[in-house]
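Okay, so here's the structure we're looking at.
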Ligand code: ADP
C-alpha cells in the first residue's frame, strides 16, 4: 500500500498542546507526518522560524515518523513538493470549519491533495496560539498549555 504521508501545516507560534494532540492522533492515521511551519515574514509578533522549528523538532526527536520543515510557498504546493498526499488540520469551532472548508476545497482543486480534519479534543479546544501570545504579553505563565 502507498505510504500515507500528511503535512500538518500552521504557524505554530507557539506550538501548543492542541497542536500536539492533533499530531498524536494523526500518527494513528498516517505513516508519516511532516509538521510544516509557515514562514510568513509579514506576520508581526512571530517567534523566529528557527526557534519554532527547534522547539518542535526537540519535542519529536524520538519519533522517526515525524519531520519538521519550514515552508514559505502555498501549502498545497509544499505538500506536492515533498510527496505528501494529505493535509492534516484540526477544527476547534464553526469559525475554524468555515475557513478549513474553503482551504480544503481550493487545495484539492489545485493539486488533488486531500485534507483530513480532526475535531479538537474538548479539553483543548479553547487553546490557540494567539491566546497564548496574549497571555505572554501580559506576563501570565502559559506552561500548562504547551507540550
Ligand atoms: P493557523 O496559523 O492557520 O491559525 P495554527 O498554527 O494556529 O494555524 O494551527 C495549525 C492547525 O492546528 C490548524 O488546523 C488549527 O485549526 C489547529 N489547531 C490549533 N489549535 C488547536 C487546538 N487547540 N485543537 C485542535 N486543533 C488546533
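Kindly indicate whether any position in region 54-74 is under 30 Å from residue 141 (Cβ atoms), loosely packed, with under 15 Cβ neighbours inside 10 Å and touching a helix residue (DSSP H, G or I) at 6+ places or on another chain (Cβ under 7 Å). Yes: one or more hits.
From the list 42, 108, which one is part of a helix (DSSP H, G or I) and more than 21 Å from residue 144 (Cα to Cα)? Of the residues listed, the single one that is part of a helix (DSSP H, G or I) and more than 21 Å from residue 144 (Cα to Cα) is 108. How many residues are within 8 Å of the ligand (Cβ to nearest atom) and farther than 24 Å from residue 136 by Cβ if we restrict to region 10-41? Residues that pass the stated criteria total 0. Within region 3-39, the set of residues being surrounded by fewer than 19 Cβ atoms within 10 Å (Cβ to Cβ), over 8 Å from the mean Cα position of the chain (by Cα) and within 14 Å of residue 51 (Cα to Cα) comprises 39 only.
When 30, 12 are checked against the criterion of being part of a loop (DSSP other than H, G, I, E, B) and within 19 Å of residue 100 (Cα to Cα), a single residue qualifies: 12. Selection of first residues in region 99-123 that are farther than 21 Å from residue 82 by Cβ and within 14 Å of the ligand (Cβ to nearest atom) and of second residues that are in a loop (DSSP other than H, G, I, E, B) and at pLDDT 95 or above, restricted to Cβ pairs under 7 Å at least 6 apart or on distinct chains, gives the following pairs, ordered by first then second residue: 120/92. Does residue 51 satisfy the criteria of being touching a residue at least 24 places away in the same chain (Cβ under 8 Å) and more than 15 Å from the chain's Cα centre (by Cα)? No: the conditions fail for residue 51. Given the condition modelled with pLDDT under 95 and crowded, with 17+ Cβ neighbours inside 10 Å, answer yes or no: does some residue in region 80-97 qualify? Within region 80-97, one or more residues are modelled with pLDDT under 95 and crowded, with 17+ Cβ neighbours inside 10 Å. Every listed requirement among (1) in a loop (DSSP other than H, G, I, E, B); (2) away from the ligand (no atom under 15 Å from the Cβ); (3) over 27 Å from residue 123 (Cα atoms) is met by residue 80 save one, (1).
The values are calculated or read from the model by the stated rules, or taken from the named source; none is laboratory data. Owing to the predicted nature of the structure, the values given are computational and were not obtained by experimental measurement. Here Cβ is always computed from backbone atoms with ideal geometry, including for glycine, and neighbour counts include all displayed protein chains.
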